[in-house]
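Undergrad: The structure that follows is given in the form of structure tokens.
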Amino acid sequence: MINKENFNILNYVKKEEYTGSMDGMRYMLKKISGEEMEVIIWPEPYSYGHTDEGLKQRTTFPLSKEGVEEACDYLNEQYVSQKSLWDLNKR
């Protein structure tokens with residue numbers, strides 16, 4: 001699970017795409033406008049560019065500290081609610 005207190009990535013996301021993985025689930029946060037970021041999740045083992053678009057799940061959040069906190073909650077919720085998918089695709 002992602003610890004919200006240590007997930008201080010807002011300034012990074014404002015400039016670059018932020019990627020990570022959590023036990024079978026890969027994710028990316030990226031700025032899509034001055035006020036919004038997109039969060040994309042997909043199953044391992046492949047990188048974003050090598051994963052079929054049909055396997056990617058997308059949602060948006062405000063590009064703010066609160067938005068990053070909401071995105072963290074979303075990532076943790078998706079990890080728990082789709083655990084069987086992530087377990088199926090773990091390396």
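The values are calculated or read from the model by the stated rules, or taken from the named source; none is laboratory data. Small disclaimer: the values here were computed from a predicted structure and weren't measured. Positions of Cβ are backbone-derived with ideal geometry, glycine not excepted, and every protein chain shown enters the neighbour counts. Each accessible area value is taken on the protein alone, full model and side chains, heavy atoms only, with ligands, DNA and RNA left out. Shrake-Rupley method; radii C 1.70, N 1.55, O 1.52, S 1.80 Å.
Undergrad: To test your reading of the geometry: what angle, between 0 and 90 degrees and rounded to tens, separates the Cα axis of helix 65-81 from the longest principal axis of the chain?
TA: Approximately 10 degrees, to the nearest ten.
Undergrad: Continuing with the same structure: How many nm is it between the label spots at Thr60 and Glu36, if each spot is 7 Å from the Cα in line with the beta carbon?
TA: If labels sit at Thr60 and Glu36, their model points lie 0.1 nm apart.
Undergrad: Give me the number: length gained by fully extending Asn6 to Asp73, i.e. 0.36 nm times residue separation minus the C-alpha to C-alpha distance, one decimal in nm.
TA: Values: separation 67, 0.36 × 67 = 24.12 nm, distance 1.28 nm.
Here the segment from Asn6 to Asp73 would lengthen by 22.8 nm.
Undergrad: Quick check: net charge around Lys56, other residues with Cβ under 15 Å of its Cβ, Lys/Arg +1 and Asp/Glu -1?
TA: Net of charged neighbours comes to -2.
Undergrad: Heads up, I need the accessible area for Glu77: 1.4 angstrom probe, whole protein in place, Å², nearest 10.
TA: 110 Å²
Undergrad: Which percent of Cα pairs goes in each bin when the distances of segment 18-91 are cut into 5 angstrom slices starting at zero?
TA: 3, 17, 29, 24, 16, 8, 2, 0
Undergrad: Continuing with this model, one more query. Note down the relative contact order for the chain as a percent, whole number, built from C-alpha pairs under 8 angstrom at least six residues apart.
TA: Values: 139 pairs, mean separation 28.3, N = 91.
Relative contact order for the chain comes out at 31 percent.
Undergrad: Show me, for segment 23-30, the HN-Hα J-couplings you get by feeding each phi into the Karplus relation (A = 6.51, B = -1.76, C = 1.60, θ = phi - 60°), rounded to Hz, glycine and proline as x.
TA: Using θ = phi - 60°, the values come out as 6, x, 10, 9, 8, 9, 10, 8 Hz.
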